[in-house]
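Peer 1: Handing you this structure, nothing more for now.
What follows draws every value from the coordinates through simple rules; no lab data is involved. Because the structure is predicted, anything quoted here is derived from the model rather than measured. A quick note on method: Cβ atoms are made from the backbone with ideal geometry, for glycine too, and the neighbour counts reach across all protein chains shown.
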Amino acid sequence: MNLSVELRHHFPAIDIAIEFSVPSPGVTVLFGPSGSGKSTVIAAAAGLLRPDQCRIAIGGDMLADTRAGIWLPPERRRVGLVFQDSRLFPHMSVSNNLVFGMRRTREREIDFDEIVELLGIHALLSRHPNTLSGGERQRVAIGRALLRQPQLLLMDEPLASLDTARKSEILPYLARLKTMLRLPVLYVTHSLDELAQLADSVVLIEAGSVVAAGPVAEISARADLPLARRDDAGAVLICRVAAHDATRQLTRLSCGPATLWVPQADLPEGTLLRVRVPAREVILARGEVDLLKDALSLHNVLPGTVRAIAADPDHRATLVEVALGGGSVLSRVTPDAIARLALAPGTRVSALIKSMSVEILGGARGSRPVAT
Amino acid sequence: MALRAVGFALPLAILTAWVLARSRFPGRSVLNAVVHLPLVLPPVVTGWLLLILFGVRGPIGALLHDWFGIRLVFTTAGATLACAVMVFPVMVRSVRLSLEAADLGLEQAARTLGAGRLDRLFNVTLPLASPGILVGAIVAYATCLGEFGAVITFAANIPGETQTLPLAIYAAIQVPGGEAKAAQLSLVSLTLALVGLLASEWAGRRLNAALGR
C-alpha cells in the first residue's frame with residue numbers, strides 16, 4: 001500500500017506544489033528548511049487548512065480529494081495530530097486528555113492500556129498537564145493522538161520544543177511505537193538525528209516543492225542533495241546483527257552483502273538495526289585494498305563503486321556516494337583526493353570505516369514497522 | 001431579583017460573546033454596538049426604551065400581556081428585566097475577553113480529536129473561559145443590586161417589589177429624618193460592592209489555578 005499526497009496551494013510568499021508517494025505503513029520524514037511547505041502538508045492532511053488543490057489517499061482510501069469535492073473537516077477525519085507544543089487540555093487530567101479522541105470514535109484498534117504501557121505514562125494518568133515535564137507532556141500528546149484511532153498519524157516537529165536530554169528520552173519511545181503501528185506516519189523535523197532514527201522514507205522539501213523522495217538509506221547517501229552538505233551528513237544503513245565475537249569484543253553486522261565490524265553491541269543475533277556512517281569519517285581508497293591486519297587499527301574495508309560525485313563548497317570538499325551492493329555510504333573528501341585517485345562515477349573503490357565511527361542508532365530496530 | 005437577572009442574562013451573554021469573538025458576519029459591528037448601548041446610554045433612556053417596547057401597549061409588552069397575561073411594567077419581573085439589560089454589556093465584555101484570550105490551538109487540537117462545534121464550546125472553550133464568566137457574573141450581580149435609572153423608569157420604586165438599594169436610599173433621603181436609614185443602606189451598599197469585587201478576584205484566581213495557569 002502507498003500513502004500518496006498531492007497538494008497545491010498559493011500563499012502570498014510562496015507557491016506550494018508538493019507531490020509524493022511513500023510505502024504505508026511506515027514513517028515518512030518530511031525534511032526541509034522552515035517555510036518550505038512541510039507544515040502545510042500536515043495542516044492539509046489534518047484538514048485545518050484547505051489548499052487550493054489537494055488529494056491524499058492511503059491505498060484506495062481517499063482522505064481528501066478537492067477535485068472530486070471530497071473535503072472533510074478535521075473533526076470528521078480519522079487523523080491524529082501531534083503538535084510541537086503538545087496542546088493538552090489544561091482543565092483535564094492526563095487520562096481524560098488521552099480518551100478525548102477515543103470517546104469520539106467507535107474504532108478500537110489501538111488499545112488504551114497498550115499505549116499507556118508503551119509510552120510509559122501509567123504513573124501520570126491522574127495528574128494534570130501543568131504538573132508534567134515537557135517530555136512527559138509530549139508523550140501524553142502522542143498517546144492522545146494515537147487513541148483517536150487514526151488512519152494517518154501526523155507529527156509536526158514533536159520534539160522541537162524539547163532540550164537534548166528530553167529528546168533522547170522520547171526518541172526510544174517513538175522508535176518502539178514505530179515497530180507496532182500499522183498506519184502511515186508523516187513526521188516533520190529539522191533534526192537529522194530524528195530522521196536517521198525514525199524514517200523509513202524521506203521526502204526532502206525545499207521552497208514549496210519536493211527535491212527528492214525515497215527510502216531513508218537511499219536519500220541519506222545521495223551526494224547531490226542538500227542533506228549531504230550538512231556538517232553531520234552521513235548515510236543510514238539497515239543491517240542485521242550477524243554474530244558477536246566476545247573475545248575481540250566486536251559485533252559483526254551484515255548490511256546486504258557488506259560486512260561491518262562494530263564495538264560489541266548488546267543485541268541478539270538476527271536483530272534488525274540501523275547504523276549511521278558519518279560522511280567525514282569515510283576514507284576512500286582506489287581499487288581493492290587488502291586489510292593490513294597487523295599494521296592498521298582499521299576493521300572495515302568495504303568494496304564498492306563510485307555512484308556519484310558532487311561538490312560541497314561550504315566544506316571545501318567533495319561528496320562521493322559509494323554503492324556497496326546492499327546500501328551506499330557517503331564520503332566527504334578533499335577535491336585533491338578526487339584528483340589524485342582519479343575518481344569518477346563507475347570507479348571501483350574501497351570505503352575504509354573505523355568501527356568506532358559507526359553510530360548504532362539506539363532502539364530503532366526495523367527498517368519497516370512490524371505488524372502486531 | 002439580581003440573581004434572577006444574572007441567571008437569565010448569563011447564557012445569552014455567553015452566546016453573544018461567543019458569536020462576537022468567533023464569527024465574522026455582516027452586521028457584527030451593529031450587534032456589538034447594540035449590546036453595548038446600555039453601557040453608554042443614560043440609564044433613564046434605557047428604562048424609557050424598555051417602557052416603550054415592553055409597556056402594556058408596547059409592541060412586545062402587548063404580545064406578552066395579551067397572550068400570556070404577563071405584565072412587566074412596575075413589577076418585580078420588570079425590574080429583573082431592566083437589571084438584566086443594564087448588566088448585559090458588562091457580562092458580554094468579560095466573557096468575550098476570556099474567550100478571546102483562550103488558546104485557539106486547543107480548539108484546533110479538539111477538532112483533530114473529533115470534537116464538533118458545540119462539543120468544543122462546551123468541553124473546551126467554556127471550561128477554559130470559566131474564570132472570565134464567573135467574574136463577569138459576580139460583577140454583574142453587584143451592579144444589578146445598585147441599578148437605579150433604568151429600574152425606576154421602567155419598574156418604578158415599589159418597596160419590596162422593584163426597589164433596589166439606591167432606590168431605597170433615594171427614597172430615604174426624600175423623607176425628613178431619613179438620613180440615618182440612608183447612611184445604613186449606603187453602608188450595606190458599600191459592603192456588598194466590596195464583597196462582590198473581592199469575591200470575583202478570589203474566584204477568578206481559584207479557577208485559574210485549577211486550570212493550571
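Peer 1: Calculate the mean, over all residues of peptide A:90-97, of how many other protein chain Cβ atoms lie within 10 angstrom of the residue's Cβ.
Peer 2: Mean shielding by partner chains, rounded to a whole number: 3.
Peer 1: Which whole-number percentage describes the relative contact order of region A:2-220, with Cα contacts under 8 Å and a sequence gap of 6 or more?
Peer 2: That works out to 31 percent.
Peer 1: Counting other beta carbons within 10 Å of each residue's own, what order do A:331, A:133 fall into, fewest first?
Peer 2: A:133, A:331
Peer 1: Which ³J(HN,Hα) values, rounded to whole Hz and listed in residue order, are derived for region B:97-113 from phi using the Karplus coefficients 6.51, -1.76 and 1.60 in 6.51 cos²θ - 1.76 cosθ + 1.60 with θ = phi - 60°, glycine and proline given as x?
Peer 2: Residue by residue, region B:97-113 yields 4, 6, 5, 6, 7, 4, 6, 5, x, 5, 5, 4, 4, 4, 4, 5, 8 Hz.
Peer 1: How large is ³J(HN,Hα), in whole Hz, for each residue of region A:122-135 in order, when computed from phi with the Karplus curve 6.51 cos²θ - 1.76 cosθ + 1.60 and θ = phi - 60°, using x for Gly and Pro?
Peer 2: Residue by residue, region A:122-135 yields 4, 6, 9, 3, 8, 7, 9, x, 6, 9, 9, 6, x, x Hz.
Peer 1: Name the residues of region A:179-202 whose amide N is less than 13 Å from a point 7 angstrom out from the Cα of residue A:34 along the C-beta direction?
Peer 2: Within reach of a label on residue A:34, which here means backbone N under 13 Å from a point 7 Å along Cα→Cβ, region A:179-202 contributes A:190.
Peer 1: Can you work out the PRE-style zone for residue B:28? Point 7 Å along Cα to Cβ, and I want the residues of region A:32-50 with backbone N under 12 Å.
Peer 2: Taking a point 7 Å out along Cα→Cβ of residue B:28, no residue of region A:32-50 has its backbone N under 12 Å.
Peer 1: Could you tell me the distance between the Cα centroids of region A:271-349 and region B:182-213, to the nearest Å?
Peer 2: 76 Å
Peer 1: Which of the peptides B:21-32, B:48-59 is most tightly packed, and how do the rest follow, going by the mean number of other Cβ atoms within 10 Å of each residue?
Peer 2: Ranking, from highest mean packing down: B:48-59, B:21-32.
Peer 1: I've got another one for you. Can you give me the C-alpha center-to-center distance between region A:91-146 and region B:122-175, rounded to a whole angstrom?
Peer 2: 45 Å
Peer 1: Would you calculate, for chain A, the mean residue ellipticity at 222 nm contributed by helices, counting each DSSP H stretch of 4 or more residues as -39,500 (n - 2.57) and dividing by all residues, to the nearest 500?
Peer 2: -6000 deg cm²/dmol
Peer 1: So, in Å, what gap is there between the alpha-carbon centers of region A:184-240 and region A:17-40?
Peer 2: Value for the Cα centre distance between the two parts: 10 Å.
Peer 1: In the protein assembly as shown, what is the count of Lys pairs whose alpha carbons are under 22 Å apart, counting only pairs at least 8 residues apart or on separate chains?
Peer 2: Lysine pairs meeting both conditions in the protein assembly as shown amount to 4.
Peer 1: Which whole-number percent gives the relative contact order of chain A, counting Cα pairs below 8 Å spaced six or more residues apart?
Peer 2: 17 percent
Peer 1: Arranged from highest to lowest average of other beta-carbon atoms within 10 Å per residue, in what order do the peptides A:296-304, A:63-71, A:217-225 appear?
Peer 2: Going by the mean number of other Cβ atoms within 10 Å, highest first, we get A:217-225, A:296-304, A:63-71.
Peer 1: At 222 nm, what value in deg cm²/dmol follows for chain B if DSSP H runs of at least 4 each add -39500 (n - 2.57) and the sum is divided by all its residues, to the nearest 500?
Peer 2: -24000 deg cm²/dmol
Peer 1: Turning to a different aspect of this structure: Fewest first, what order do B:165, A:260 take by the number of other Cβ atoms within 10 Å?
Peer 2: B:165, A:260
Peer 1: Let me ask you something else. Name the most mobile residue of A:198, A:132, A:324, meaning the one with the largest mean-square fluctuation, in a Gaussian network model of chain A with Cα contacts below 10 Å.
Peer 2: Highest fluctuation of the listed residues: A:132.
Peer 1: Related question: Pull the list of chain A cysteines that no other Cys approaches to under 4.7 Å, Cβ to Cβ.
Peer 2: A:54
Peer 1: As an exercise, use a Förster radius of 45 Å and the Cβ-Cβ distance of residue B:208 and residue A:108 to find the FRET efficiency, rounded to the nearest 0.05.
Peer 2: 0.80
Peer 1: In percent, how large is the relative contact order of region B:2-210, given Cα pairs closer than 8 Å and 6 or more residues apart?
Peer 2: That works out to 26 percent.
Peer 1: Could you put B:83, A:255 in order, starting from the residue whose Cβ has the fewest other Cβ atoms within 10 Å?
Peer 2: In increasing order of surrounding Cβ atoms, one gets A:255, B:83.
Peer 1: Picking from A:18, A:351, B:31, whose Cα lies most toward the positive end of the charge dipole for the protein assembly as shown (charges on Cβ: Lys, Arg +1; Asp, Glu -1)?
Peer 2: Working it through, the farthest residue towards the positive pole turns out to be B:31.
Peer 1: Return the average number of partner chain Cβ atoms within 10 angstrom of each residue Cβ along peptide B:116-126.
Peer 2: 2
Peer 1: Could you derive backbone 3J(HN,Hα) for region A:165-181 from the dihedral phi with the Karplus parameters 6.51, -1.76 and 1.60 (θ = phi - 60°), listing whole Hz in sequence and x where the residue is Gly or Pro?
Peer 2: Going residue by residue, I get 5, 5, 4, 6, 6, 8, 3, x, 5, 5, 5, 5, 4, 4, 6, 9, 6 Hz, with x marking Gly and Pro.
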